[in-house]
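A.B. asks: Could you have a look at this structure, given as structure tokens, before my questions?
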Amino acid sequence: MESFDIDRFHRDLDELFAQHRTTEVEQFLLESLAQTDEADDAQARLAVLAELIGFYRSRGRHQENLPLVQQSLELALSLGLEGTPEFTNTLINAATELRAAHQYEQAEDLYHQALESAKSTLAPDSHELAALHNNLALLYQETNRHDAAIDEFTTALQILENSVRATSPDTVVDIASTHSNLALSLAAQGKLDEAYDHASHAVSLFDNGLDSAHAAAAHATVAHVLLLRGDPATSVREYDAALRIIRERYGEDSDYFRVTRDNRETAQHALDAARQAADDLHAQQESQQQSGQQLADQPQDQQSQQAQGQQNPQRPQDQHNRDNHQPTTAIRIVDNVTGLSLARAYWDECCKPMIAAKYERVRDRIAAGLVGHGSECYGFDDELSRDHDFGPGVCLWLTDEDYARFGAQLQADYDALPQQFHGFGPRVESDHAGKRVGVFRIGEFFESITGMPEAPTDPRLWVTLDEPTLAAATNGRVFADPLGAFSHVRQGFRSMPDEEILRRISQRLGMAAQAGQYNLPRMARRGDLPAMRMCVSEFCTAVTSLAFLLNNPLTVGYMPYYKWQFAALRKLSRRPGMRLRGVCAPLEALCDLDSLCVTNSTAILNPATSDSTVALDNVVGADVLSPRAEQLVDSVCRQIVAVLQELGLTRSDETFLDWHRPYVDEKMRDYTKMKEGD
């Protein structure tokens, strides 16, 4: 039996990447994996699996990768590698794939296992340890825990910069990449100058003779920060630099290229909007100059009359609108404590020690976290949120069997925990909010939110679950779930069937078309401003729902209820690689418009007119949708059509969204037939 040459394997693989022969890599890895089986070399198989997992991860092929991750963990255990660097690296590789697949809870657990293993298997200044801190930081970054991410990135930088190999090319690449990643978390906290310093430093390190594909990420980070700083033109150029590198190193058929291309399009939209705003301002100034000239040409007494008219106070509703659009300071939590962070600290410092002391034999059967109704479960809470349902507390979830055995005692022990914690408490509970923290049966917890103890197995029953309800059942964070029972049910509610996603996409396309493209202009012709505002509201809700559905709820969750829809859409739009990242700004601008229609009617503008029939009769056919509102609606709809085309959900180029529904419905029927055939 011929042995497997692992050194030659790594040399050949490196050569394929060095020669940019990425289309040959998968076949080479699969053939190598088969050769390890023929050679009966389990250790070599583990090494090849690690490379294959990394390759599939870079291509976004997570469904194929997850079974390989499980194989690698089981193989490492069967080889008795616990307590070795190989086992630590296997944990890191598995966690990184789970993070890429957005299975954050399992990934975080594996990263912490790797940190524990690293204490005895990795040197304090090793690159592997720095990479571990870097990867954990990325998980924190992707789950919006930027303080923790910054701490981990800083730790990684300290390891790398103090390494004996700090000046070697490989280490410099790692240092540059860490600066780039750190910049993203700083930018998310609004520290744009500091973020730009780190990002530009990363680019300068790569530009100093380093030939690395990681340079693309540095350019993309600089582009992201520049866009946030209001420089879309330079941002587009930096994204172009990143795309050139990615195209050469990874090809266009990769998540990396698609994500960066989408980000570049967002920057281009911002640049186009800035140019349009500049053109509008220039046109307005020219119009004012012409008006001033016309006034100068009029008789003096007419000028005097117009000047007196301009001094009249505005109508009350106009003045109110002007006041509402003055710059305001956003409410923020000065002490930087959110409901989720308070719950996590309460779990770590109070609940978890109590369970370890009193429930040692069953501690591995208790899940903990904070999920459900309330702004803190979405991460949207601020200082105003603290007047109700806020304070120290967590959810503890048990199976029915375990609840019957020790649930009541666990609740009593939970109730005995400190009511005040870190300067907060006791909890302020709303009269009709129901129980939000404490000990729950898993099934009853989900039933209290959705009306069902678990996700329906019949796809037809999903129609009874609206998206805000599903959002409440799947939001928040799970701090611990060693048994996996709670996460299994929660994941079930996140796994909306494909045909149901398509059914809702079709419905939302219809509503967006009816509200924004059809009825909004018709209500403008009637001069019915309240009805127009209703159209805008329905349009925004439909588009926001589409943003979540087209990105797949399994990955991004669901649209929450109306109060937090824009907050959720903003958050989604800030995430790299998301589809429809560019719709949030025009939707907000549409809601913010003072004038949705342009009217020639005096009746509708006269607040003293109370006869709505007279007003409507006077304005039918006279009013039109304002050009700015029409432009914003069209911009959003064009972005939606582009995503539908990208996903193969339409074959049409028409911008009227309702005309794309037959294509989506066709795809939905195909999924249904396929499942019925199975």
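A.B. asks: Amide H to amide H, which residues 5 or more places from residue 624 or on other chains are under 5 Å from it, using H placed in the peptide plane?
C.D. replies: Counting only residues 5 or more places away or on other chains, the set is 598.
A.B. asks: To continue, here is another question. From the phi angles alone, apply the Karplus equation (6.51, -1.76, 1.60; θ = phi - 60°) to region 214-220 and give each ³J(HN,Hα) in whole Hz, x where the residue is Gly or Pro.
C.D. replies: Ordered by residue, 3J(HN,Hα) equals 5, 4, 4, 5, 5, 4, 5 Hz.
A.B. asks: Starting from the amide H of residue 429, placed 1.01 Å from N in the peptide plane, find each other amide H under 5 Å away whose residue is 5 or more places distant or on another chain.
C.D. replies: 389
A.B. asks: Sorted by average packing, counted as other Cβ atoms within 10 angstrom per residue and highest first, what order do 457-468, 190-201, 368-379 take? Display every interim value, and only then the final one.
C.D. replies: Working: 457-468: 13.8, 190-201: 18.2, 368-379: 23.0.
Ranked from most to least packed, the peptides come out as 368-379, 190-201, 457-468.
A.B. asks: Apply 1/(1 + (r/R0)^6) to the Cβ-Cβ distance of residue 419 and residue 518, taking R0 = 51 Å, and write down the FRET efficiency to the nearest 0.05. Display every interim value, and only then the final one.
C.D. replies: Working: r = 55 Å, r/R0 = 1.08.
Efficiency computed from Cβ-Cβ geometry: 0.40.
A.B. asks: May I pose another question? Counting alpha carbon pairs within less than 8 Å and at least 6 residues apart, what relative contact order, in whole percent, applies to region 46-141? Please report the intermediate quantities before stating the final value.
C.D. replies: On the way: 89 pairs, mean separation 23.3, N = 96.
In percent, rounded to a whole number, it is 24.
A.B. asks: To continue, here is another question. Evaluate the distance, in nm, between pseudo-label points positioned 7 Å from the Cα of residue 464 and of residue 647 along their respective Cα→Cβ axes.
C.D. replies: 2.6 nm
A.B. asks: Next question. Would you mind checking which residues have amide H under 5 Å from residue 479's amide H? H placed 1.01 Å from N; only 5 or more apart, or other chain.
C.D. replies: 368, 369, 370
A.B. asks: Hey, can you rank 391-404, 482-495 by average C-beta count inside 10 Å, highest first? Before the final figure, lay out each step's value.
C.D. replies: Working: 391-404: 20.7, 482-495: 17.9.
Highest to lowest by the protection proxy: 391-404, 482-495.
A.B. asks: How high is the FRET efficiency between residue 634 and residue 247 when r is their beta carbon distance and R₀ equals 25 Å, given to the nearest 0.05?
C.D. replies: On the way: r = 30 Å, r/R0 = 1.22.
Efficiency for this residue pair is about 0.25.
A.B. asks: I need the phi-derived Karplus couplings for region 230-247: 6.51 cos²θ - 1.76 cosθ + 1.60, θ = phi - 60°, integer Hz, Gly and Pro marked x.
C.D. replies: Each residue's phi maps through the Karplus curve to give x, 10, x, 5, 5, 4, 4, 5, 5, 5, 4, 5, 5, 5, 4, 5, 5, 4 Hz.
A.B. asks: Strictly over 28 Å apart at the Cα level, which of 563/673; 352/571; 563/667; 191/571; 358/571 would you flag in this model?
C.D. replies: Details: 563/673 38 Å; 352/571 31 Å; 563/667 32 Å; 191/571 17 Å; 358/571 40 Å.
In this structure, 563/673; 352/571; 563/667; 358/571 exceed 28 Å between Cα atoms.
A.B. asks: Would you mind calculating the gained length between residue 21 and residue 189 on full extension (0.36 nm times residue separation, minus the Cα-Cα distance), in nm to one decimal?
C.D. replies: Result: 56.5 nm gained on full extension.
A.B. asks: Residue by residue, what Karplus-based ³J(HN,Hα) values in Hz, rounded to whole numbers, does region 254-266 have, using 6.51, -1.76 and 1.60 with θ = phi - 60° and x for Gly and Pro?
C.D. replies: Once rounded to whole Hz, the list reads 8, 4, 4, 5, 5, 4, 5, 5, 5, 5, 5, 5, 4.
A.B. asks: Moving to a separate point now. In nm, what is the difference between 0.36 nm times the number of residues separating residue 409 and residue 624 and their Cα-Cα distance? Please report the intermediate quantities before stating the final value.
C.D. replies: On the way: separation 215, 0.36 × 215 = 77.40 nm, distance 6.69 nm.
Roughly 70.7 nm would be gained on extension.
A.B. asks: Now a separate question. By per-residue mean of other Cβ atoms within 10 Å, what is the highest-first order of 543-550, 109-116, 136-143? It would help to have the intermediate numbers written out before the result.
C.D. replies: Working: 543-550: 25.4, 109-116: 19.0, 136-143: 21.9.
Those peptides, ordered most packed to least, come out 543-550, 136-143, 109-116.
A.B. asks: Same structure again: So what is the diffusion coefficient of region 431-473 in µm² per second by Stokes-Einstein at 4 °C and 1.567 mPa s, using a Kirkwood Rh over Cα pairs?
C.D. replies: Values: Rh = 11.4 Å.
Stokes-Einstein gives a translational diffusion coefficient of 114 µm²/s.
Every number here is computed from the coordinates shown, using simple stated rules; none is lab data. The shown structure was predicted, so the numbers you read here are calculated from the model rather than taken from an experiment. In this analysis, Cβ positions are derived from the backbone assuming ideal geometry, glycine residues included, and neighbour counts consider all displayed protein chains.
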